[in-house]
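Report on the structure given below.
The values are calculated or read from the model by the stated rules, or taken from the named source; none is laboratory data. As the structure is a prediction and not an experimental result, all values here were calculated from the model. Note that we place each Cβ from the backbone using ideal geometry, even for glycine, and neighbour counts take in every protein chain shown.
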């Protein structure tokens, strides 16, 4: 477990090293250019864009209300038969006679919700903690860093399971909080480390020598660079959140509200239970999860690569 | 040095006691719990009352806490609510199962990961390389339980290639010596049991190996590429050394360093993966124990012991790491 | 590299040497002579759904423990295979005196316990005495059926047991303090199986010790369960989850046709099905409702147990005063489309329930008021009662699957949907089964509505209706529905069976039309599935299958 912490620590340091090495705003432009030339990044970007569009415009795209039960679907529904595609229901029924296509589309929205919140909470708390550690230094810094060390050792899924045990009833928030908590130390270290590293970097020293004001240095030069590292981590966090939500549902410890259309929940509960009756109930959410997780991983890795000084020739 | 160690040991004890206290009071503040779990639908209020008294829940919480501490100090974590056996036995039985699975998974991940990563790097930019990259990316993005579920469906149902679940065939009557079934078969010369246990290991180990395998392939590939770029390899090539010698003596050896580190770093991820894999394959290890202790009826004695075990393992390992730093870096020692 | 390879070779050599050396130390536990046995009946492997607790009948109350216990022990009275009708067990016949207090059992002769001691009237009475005189709260708290049926232990004013006398070797006379309607059905309860007094004594059967939050049981309960059953105990391998039972060659009844039976614990229903298909087990309990049709189509035998359970929607009248109004409760009943629930989510063979007991049980009335699905009527009733815009907290369990409730979340979602359609706002509250649901619902009564159910133990209306509505229960708001309590109490105390039948029929009519403390939802029979070559397995409505009749054909 401690070795997992090591691993995460190392990756954080690498990321810091890559993003803090010279460059201010020009780095963005440079990296952006390289991103656009990279087919991997484009594939990732397109996947995410598609996902975002579907999620945001779900009510416009979806043919029906995702929780409504339709008489034409329940008519032929039994526990061992789930009706397939019919007129008006392009993907057929789900196990309760609801429109599966609409649930898949609204699923993007709920999945986005879980991913974004998990990432955002982790990011905010982490940035706050990192800033406090960086600003106060000394003993506080040491204690906070010690604490993040401990937290880095936890795989998010195990933490989520422990949270369910300690919270009595799992909810949608169990997985959000678990993934967020696991990422707090990563974000905290990223921010703190990257700011510390930049304090000594050439462009900051140069700016300081030129007499640029302190808060200008922080805002114009240090923060943008630190944020790129944070963005890379955030894209990767998103993928983990989606996968963990699915895993918890599969273990029977996930979101208990099966009215909620969320891909992980749909795969982990209905998908597995009715696999032999209608495998599409598993294949579609699984495919959606893989594509979105893939999209975020591809984009995250591409940004990381683009920022790699080795590639800046 | 002695002072550092003794101070850290005191810290360890303090942390463990604090954690235990926290867990004890926290679990007791939750609804349900042992009384609910021990009584089925048929319990009358009378039995409920009897049970509350029998378990000492009517006594002040401090008395309960004192008794709990006393038990734990003597190594007694109580009995599992689900199975009624001592918690130490339950955990002791689950432990080798998970270790056996994890070892098999690591062997698969290394045995396939390093050659594949090397081949991909060697054929950089060609079909094999691209295919490997795509497969590893999907391997990281697929929900591992679903992959296990699909493998199980295809290879045990559509074609009866592997057994669907468990660690050994029912009714084989294998002798349990160490709890590692493959090893036990060798020790007792029940070679059929060993082979059978090995056969049962294949699918779960492959499922659990997915993520470490993908990561090892990627890291091997990356670090082989890094090394190929290094000046000393170019020098070696330029010197006219035989290609095979260069590869063997320089490329692989140097490229393997980061790979070896990564392998050691996959432990935590492996444990999280084991929870899912064990559930898919009904594998009686720690992963199943964790989920069963929660969803199978809030088995608090087992949960308490598991949390404590995890905390102690973690603190001890951390301590070891700190001490090794102290050896390497004199500045830490002074502090 | 060269040196490295040499080191690797040496290391491999050392490991091999150690392995071979250690092999001398570890001995195989396998007995070599088992092959002679294999010739006749073979081994029958049955996949159960959970771990048993232990094998002392009196300390258990769950089906997974009872499954092996039923093969190891016999009860005085038992059920005819495939029904809930009584027939002779260890007692060839039984008799009740006109006061209903004295039960006389004529015992079968020549029956021996597995330890060779004889089953006689003294042994039977020793069992009754053992239960009544059980010492210690730890042991008493685990005798859930005993407390429920016999009221209490020595020294308790509620105790039903008076004494048991062996008037001769084959006649046991049990005297109770008062008549109880549960008998003779309750004598067939697996918890009241007769154990060998000699073995109980030898292996310290009465010792139950508390350890932490749970209990340790005796060597009798864990390693040496000794009854009269068709199988003897072969062992419980917890690492592989196998309980081995061996054929009892001296069994008094039909001797087992297989040599050995193994109960293999597989908790996941999907995995049980896959093991069946892989041919590694010959029978599975509780298949997923969704899989039954496919398995039947593939040629497996799907044996439906006749329905002997009930799922109901409980109504707690305490927190929301509107629920005290019968019209509101009737509105809830009309709002639920139970026929559609049964069609879409019911396991094969399930049926809408109009009463709280299956129609095979005494006292089932064919002519109770039925609540056919009628949204308009539900809305009308709500309006009449001034309860439009009603909001209710609906508690439902998670992390559980029960035969009467295979998938609580789906059932909740459907029921809640129906209620919303009738204008009742539902606030769903999920709670883990053992992590708060039973507590919140049955202890604290936090809910307005909840889902719960029951599987019957024996053929008696008191076991269904009496359990739910015979007294004030927090679950239903602890209301003083004295009419209801009195009527059920009186019916239960009626000794004459014809009068008792009539009394309970009236109770069931009134439950539906006058009291409606809950809404019955469905009876959902659980199934057993076997491979084609399993012959002679008779599914029991009480989930009380006896496996001595099972044989394996080629």
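See the values below:
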{"quantity": "Tally of residues being in contact (Cβ under 8 Å) with a residue 60 or more places away in the chain, outside any loop (DSSP other than H, G, I, E, B) and within 14 Å of chain B (Cβ to nearest Cβ) across the stretch C:189-219", "calculated": "6"}
{"quantity": "Residue among C:293, C:345 that is closer than 28 Å to residue C:458 by Cα and at the interface with another protein chain (Cβ under 10 Å from one of its Cβ atoms)", "calculated": "C:345"}
{"quantity": "Criterion (assigned by TED's automatic domain parsing to the domain that holds residue B:293, touching a helix residue (DSSP H, G or I) at 6+ places or on another chain (Cβ under 7 Å) and surrounded by 14 or more Cβ atoms within 10 Å (Cβ to Cβ)) met by exactly one of B:95, B:68", "calculated": "B:95"}
{"quantity": "Subset tally (residues that are under 26 Å from residue C:345 (Cβ atoms) and more than 9 Å from chain B (Cβ to nearest Cβ)) for the stretch C:274-289", "calculated": "8"}
{"quantity": "In the stretch C:421-448, residue surrounded by the fewest Cβ atoms within 10 Å (Cβ to Cβ) [restricted to those that are more than 7 Å from every other protein chain (Cβ to nearest Cβ), part of a helix (DSSP H, G or I) and touching a strand residue (DSSP E or B) at 6+ places or on another chain (Cβ under 6 Å)]", "calculated": "C:433"}
{"quantity": "Test: residue C:74 is touching a residue at least 12 places away in the same chain (Cβ under 8 Å), within 29 Å of residue C:358 (Cα to Cα) and more than 14 Å from chain B (Cβ to nearest Cβ)", "calculated": "yes"}
{"quantity": "Filtered residue count, the stretch B:119-167, keeping only those that are assigned to a helix (DSSP H, G or I), away from chain A (no Cβ under 14 Å) and over 27 Å from the mean Cα position of the chain (by Cα)", "calculated": "7"}
{"quantity": "Within the stretch C:382-420, tally of residues that are more than 36 Å from the chain's Cα centre (by Cα) and buried (at least 21 other Cβ atoms within 10 Å of the Cβ)", "calculated": "2"}
{"quantity": "Unmet criterion (only one of (1) more than 14 Å from chain A (Cβ to nearest Cβ); (2) part of a helix (DSSP H, G or I)) for residue C:339", "calculated": "(1)"}
{"quantity": "Residue C:99 away from every other protein chain (no Cβ under 14 Å), in contact with a helix residue (DSSP H, G or I) (Cβ under 7 Å, 6 or more places away or on another chain) and either modelled with pLDDT under 90 or not in a strand (DSSP E or B) (or both)", "calculated": "no"}
{"quantity": "Failed condition for residue B:77, given (1) closer than 30 Å to residue B:176 by Cα; (2) at pLDDT 85 or above; (3) assigned to a helix (DSSP H, G or I)", "calculated": "(3)"}
{"quantity": "Which listed residue is under 23 Å from the mean Cα position of the chain (by Cα), surrounded by 17 or more Cβ atoms within 10 Å (Cβ to Cβ) and modelled with pLDDT of 95 or more, from C:276, C:341, C:313", "calculated": "C:313"}
{"quantity": "Residue match in the stretch B:104-117 (condition: surrounded by 23 or more Cβ atoms within 10 Å (Cβ to Cβ), in contact with a helix residue (DSSP H, G or I) (Cβ under 8 Å, 6 or more places away or on another chain), assigned by TED's automatic domain parsing to the domain that holds residue B:204 and closer than 30 Å to residue C:49 by Cβ)", "calculated": "yes"}
{"quantity": "Out of C:299, C:229, C:234, sole residue that is assigned to a loop (DSSP other than H, G, I, E, B), surrounded by fewer than 24 Cβ atoms within 10 Å (Cβ to Cβ) and either more than 12 Å from chain B (Cβ to nearest Cβ) or touching a strand residue (DSSP E or B) at 6+ places or on another chain (Cβ under 9 Å) (or both)", "calculated": "C:299"}
{"quantity": "Some residue of the stretch B:39-60 being touching a residue at least 24 places away in the same chain (Cβ under 8 Å), in contact with a helix residue (DSSP H, G or I) (Cβ under 8 Å, 6 or more places away or on another chain) and more than 7 Å from every other protein chain (Cβ to nearest Cβ)", "calculated": "no"}
{"quantity": "Yes/no for residue B:12 being touching a helix residue (DSSP H, G or I) at 6+ places or on another chain (Cβ under 6 Å), farther than 19 Å from residue B:82 by Cα and in a helix (DSSP H, G or I)", "calculated": "yes"}
